[in-house]
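Worksheet: one structure, shown below.
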Amino acid sequence: FRLSRRLGPVTNVWVGARAITDSGVGNSSDYVETDYATGSVGFDWRFTRQFSLVGAYTYIYRKYADADSSAQSNAVNLGVVYAPKRL
């Protein structure tokens, strides 16, 4: 799921979420079932025709069926995008 909103002619914000359950096929599979979820929020600000400033925050959760605890992580990304042929 991703929802984008245009705040003005050069600014966009978005929010996204994803959830996955991954399991093996059949009863004889040795694959460990995994639950995975992620949520993110970000922005895109075009300050010239060719350059944009983009940023995002992402939270990730992962749980293995055979593990006692889950894993979580956070990420913050900030960058400049150069698109020379953008109109």
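The values are calculated or read from the model by the stated rules, or taken from the named source; none is laboratory data. Keep in mind that what you see is a predicted model, and the values were worked out from it rather than measured. Ideal geometry is used to build each Cβ from the backbone, glycine not excepted, and the neighbour counts take in all protein chains shown. Keep in mind that these areas ignore ligands, DNA and RNA; they rest on the heavy atoms of the full protein, side chains included. Shrake-Rupley method; radii C 1.70, N 1.55, O 1.52, S 1.80 Å.
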Multiply the residue gap between Ala67 and Leu7 by 0.36 nm, knock off their C-alpha separation, and tell me the result in nm, one decimal place.
17.3 nm
Zone reached by a paramagnetic label modelled 7 Å from Arg49 Cα along Cα→Cβ, restricted to the stretch 61-87 with backbone N below 13 Å, covers 83-87
Take peptides 60-69, 40-49 and line them up by average Cβ neighbours within 10 Å, highest first, as a rough protection proxy.
40-49, 60-69
Which residue, Val41, Tyr31, Val81, has the largest displacement toward the positive end of the dipole of the chain when charges sit on each Cβ (Lys, Arg +1; Asp, Glu -1)?
Val81
Ordering Phe1, Phe51 by how much accessible area each has at a 1.4 Å probe, largest first, what is the list?
Phe1, Phe51
Portion, in percent, of the accessible area of the chain that falls on carbon or sulfur, probe 1.4 Å
56 percent
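Assign unit charges at the C-beta atoms only (+1 for Lys and Arg, -1 for Asp and Glu), then state the dipole size of the chain relative to its Cα centre in Debye, rounded to the nearest 20.
Details: 10 positive and 7 negative charges, 206 e Å.
Its charge dipole is roughly 1000 debye.
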Hey, can you find the accessible area per residue of the chain for me, probe 1.4 Å, expressed in square angstrom?
77 Å²
Provide the solvent-accessible area of Val15, counting protein heavy atoms only and rolling a 1.4 Å probe, rounded to the nearest 10 Å².
70 Å²
With no solvent term and unit scatterers on the alpha-carbon positions of the chain, Debye gives log₁₀ I(q)/I(0) at q = 0.11, 0.19 Å⁻¹ of -0.48, -0.89
